[in-house]
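Reviewing the structure listed below.
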Amino acid sequence: MAQHFDDTDTLGKAYDARLMRRLWGFVRPYRGRVFFALVLLVGESLAVIAPPYLIQQAIDGPLTRGDPAGVWVYFWLFLLAAFASFGFRYAQAYVMQTVGQQVMVDLRMRIFAHVQRMSLRFFDRHPVGSLMTRLTNDVDALNEFMTQAMVSLFTDLAVLAAIIVAMFALDWRLALISMLVLPIVALTTFFFQRYMRRAYRNVRQRLARINAYLNEHISGMLVLQLFNREQTAFARFDELNRQYRKASLQSLLGFSVFFPTISFLAALGTALLLYWGGRGVLAGWASLGMLVAFVQYTERAFQPIRNLAEKYNLLQAAMAAAERIFGILDTEEDVRDPARPIKLPEPVRGEIEFRNVTFGYNPDEPVLRDVSFRIPAGQAVAVVGATGAGKTSLISLLARFYDIQAGSITLDGIDIREVAQADLRRHVAAVPQDPVCFSGTIASNIRLHADHISDAEVRRAAEIANAAPFIERLPGGYDYEVRERGSNLSVGQRQLLAFARAIAFNPEVLLVLDE
């Protein structure tokens, strides 16, 4: 069973400044809190570099002089630095976490609002599972980056810079010895990043494929069971699942090699420092306390490097997620309202005319060719034709779910392309062949949460649609809970609900399509 998924396969940059600038657009409203977090970051950095310096002063000072009582001052200062580091880190993480959560709320709202404006052609090209991945997994990837990686990124970079400055301030020779392995660390990190960039893009793609496949086949379970295709569907899902596992194992392989390598280089750096620094102590150009401080600084310098490498996967996942999300947000609406829409006259009479209309879901393969007809206001017309003749397309075009390639469609003599979509659809209702029901009550499915439709109008619409008899037999009547997609209702009952919904909104043009 061939499957097509919108994977967004193009491999982007490991760090894309353009994407980061666009993400900053969502952070900008909260820049005051971000600035406060950066101030806390400075305090955190100073608190981190203080303990090794205090140890150096204690060893070279009171301990060297044989004065144990003098160590108490450094003990209390060490303890104060530890509490200060905890306080600064906690406050900074809390501030950035709250900012990140608010940014994700704004981003989800922006995506959903944009998707709602898209025409049906957009949903033809993008599987529902893929869109769900954008709204859930991809936004979660950005959320994880904003609330975890970003906090760690700023903190680790600041701490690493502070440690390097402190080491050079104490002794440039020991600082250079401590950094002998840094070029090897940088080279190792470079190759690790190149490998992980591809590995994580593959993971995101395989996950999107699984989500799209699950959504499609769970929704179509009736067809699978009807034609005994469960084993075939299972085999295909097993293949997708194995591909996802393979991609995940490839990403784990990078970590399983990288972190032991960094640990080995950290040990090598410490060994070199002990050897050459020890010789410096014996030669007299370095003190024992200074050597101990540099050993601690070196160990602390490698921890931010490990953290930065560990958070690289979050950065890469965030870049891939941002690329996919902004790809959706950058998708332009192919059905747009005019700059100066014409207001339909009130009341709308409901005269419909198709003039030489040509339309195809694929423009090169028209479904309707040069179709013309006129339906006078107030007249009921049945459109009869073979399956695939374009009956459903007529409704989709009249409601401007798609735009035609040639000709014109008018409502009361006004080209519908000159009318705002919301204004047009306020006067047009369609009862689809496959009606959609939402989780909620019978009443909420009829009024679709429109507060202006009263309970009396809901009941009246149900009575006109002949849905009232079956509704009143349900436990709770109009308060009966409908499950997702109306799974606890028959197809006929869902159609009657859709008919009642159309009547409740009282449109001037009511189209009913019945195969």
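If DNA, RNA and ligands are ignored and the probe is 1.4 Å, what is the ranking of Tyr312, Tyr90 by accessible area, most exposed first?
Values: Tyr312 15, Tyr90 140 Å².
The most accessible residue leads, giving Tyr90, Tyr312.
Around Val482, which amide H atoms from residues at least 5 apart in sequence, or from another chain, sit under 5 Å from its own amide H, with H modelled in the peptide plane?
Sorted by chain and number, the residues that satisfy this are Gly440, Thr441, Ile442.
Alpha carbon centre of the range 201-248 versus the range 395-420: separation in Å?
Using only Cα atoms, the two centres lie 38 Å from each other.
In Å and on Cα atoms, what radius of gyration and Dmax does the range 139-222 show?
Spelled out, the Cα radius of gyration and Dmax of the range 139-222 are 21.4, 75 Å.
Using θ = phi - 60° and the Karplus relation 6.51 cos²θ - 1.76 cosθ + 1.60, list the HN-Hα couplings for the range 347-355 in order, rounded to whole Hz, with x at every Gly or Pro.
After applying 6.51 cos²θ - 1.76 cosθ + 1.60, I find x, 6, 6, x, 7, 10, 9, 9, 10 Hz.
Order the following by accessible area, largest value first: Phe35, Phe326. Probe radius 1.4 Å; ligands, DNA and RNA are ignored.
Values: Phe35 135, Phe326 10 Å².
Result of the area sort, largest leading: Phe35, Phe326.
Hey, if we sort Arg18, Arg173 by accessible area with the 1.4 Å probe, largest down, what's the order?
On the way: Arg18 115, Arg173 85 Å².
Accessible-area ranking of Arg18, Arg173, largest first: Arg18, Arg173.
Give me the percent of the accessible area of the range 397-496 that comes from carbon and sulfur atoms, probe 1.4 Å, all protein chains in place.
Working: 2460 of 4960 Å².
Looking at the range 397-496 in its full context, I get 50 percent from C and S.
Given 10 °C and 1.306 mPa s, how large is the Stokes-Einstein diffusion coefficient of the range 20-179 in µm²/s, with Rh as the Kirkwood radius over Cα pairs? Don't skip to the end; give the middle numbers.
Details: Rh = 19.2 Å.
Result for D is 83 µm²/s.
On the protein heavy atoms, probe 1.4 angstrom, tell me the percent of accessible surface of the range 100-189 carried by carbon and sulfur. Write down the numbers at each step before the final one.
Values: 2770 of 3990 Å².
Ligands and nucleic acids excluded, carbon and sulfur give 69 percent.
Please state the Cα pair-distance histogram of the range 408-515 with 10 angstrom bins from zero: what percent is in each bin?
Cα pair-distance distribution for the range 408-515, in percent: 15, 46, 27, 11, 2.
Scaled to the compact-protein estimate 2.2 N^0.38 Å, what is the alpha-carbon radius of gyration of the range 267-323, rounded to two decimal places? All intermediate terms of the calculation are to be shown ahead of the outcome.
Details: Rg = 17.7 Å, N = 57, 2.2 N^0.38 = 10.2 Å.
After normalising by residue count via 2.2 N^0.38 Å, the value is 1.73.
Could you do me a favour and compute the accessible area per residue for the range 359-511, 1.4 Å probe, result in Å²?
Numbers: 7990 Å² over 153 residues.
Computed with neighbouring chains in place, this is 52 Å² per residue.
P(r) tail for the chain, what percent of Cα pairs lie past 44 Å? Could the numbers behind the result be given before it?
Details: 52896 of 132355 pairs.
Pairs farther apart than 44 Å: 40 percent.
At 1.4 Å probe size, with every protein chain present, just tell me what the per residue accessible area of the range 283-336 comes to in Å². Please report the intermediate quantities before stating the final value.
Values: 1880 Å² over 54 residues.
Per-residue value: 35 Å².
May I ask you to give the percent of accessible area on the range 194-316 that is carbon plus sulfur, with a probe radius of 1.4 Å? Kindly include the intermediate steps, with their values, before the conclusion.
On the way: 4010 of 6560 Å².
The value for the range 194-316 is 61 percent carbon and sulfur by accessible area.
Test of understanding: express the Cα radius of gyration of the range 294-406 as a ratio to 2.2 N^0.38 Å, with N the residue count.
Numbers: Rg = 27.9 Å, N = 113, 2.2 N^0.38 = 13.3 Å.
Normalised Rg, Cα atoms only: 2.11.
Can you give me the orientation-averaged projected area of the convex hull built on the Cα atoms of the range 422-485, in nm²?
On the way: hull surface 19.8 nm².
Quarter of the Cα hull surface area: 5.0 nm².
Can you work out the accessible area per residue across the range 211-267, with the rest of the protein chains kept in place, probe 1.4 Å, in square angstrom? Write out the running numbers ahead of the final one.
Numbers: 3720 Å² over 57 residues.
Accessible area per residue, the range 211-267: 65 Å².
Please give the solvent-accessible surface of Leu272 in Å², to the nearest 10, using a probe radius of 1.4 Å with every protein chain present.
50 Å²
Mean Kyte-Doolittle hydropathy of -1.0 or higher plus an axial Cα length of 27 Å or more: which whole DSSP H helices in the chain meet both? Let's see the in-between values first.
Numbers: long enough: 31-58 (41 Å, 1.14); 71-117 (69 Å, 0.69); 150-170 (30 Å, 2.39); 182-219 (54 Å, -0.23); 230-283 (78 Å, 0.40); 288-310 (34 Å, 0.29).
Once both thresholds are applied, what remains is 31-58, 71-117, 150-170, 182-219, 230-283, 288-310.
The values are calculated or read from the model by the stated rules, or taken from the named source; none is laboratory data. Just so it is clear, the model here is predicted, and its values are computed rather than measured. Heads up: the accessible areas ignore ligands, DNA and RNA and are worked out on the full protein's heavy atoms, side chains in. Shrake-Rupley method; radii C 1.70, N 1.55, O 1.52, S 1.80 Å.
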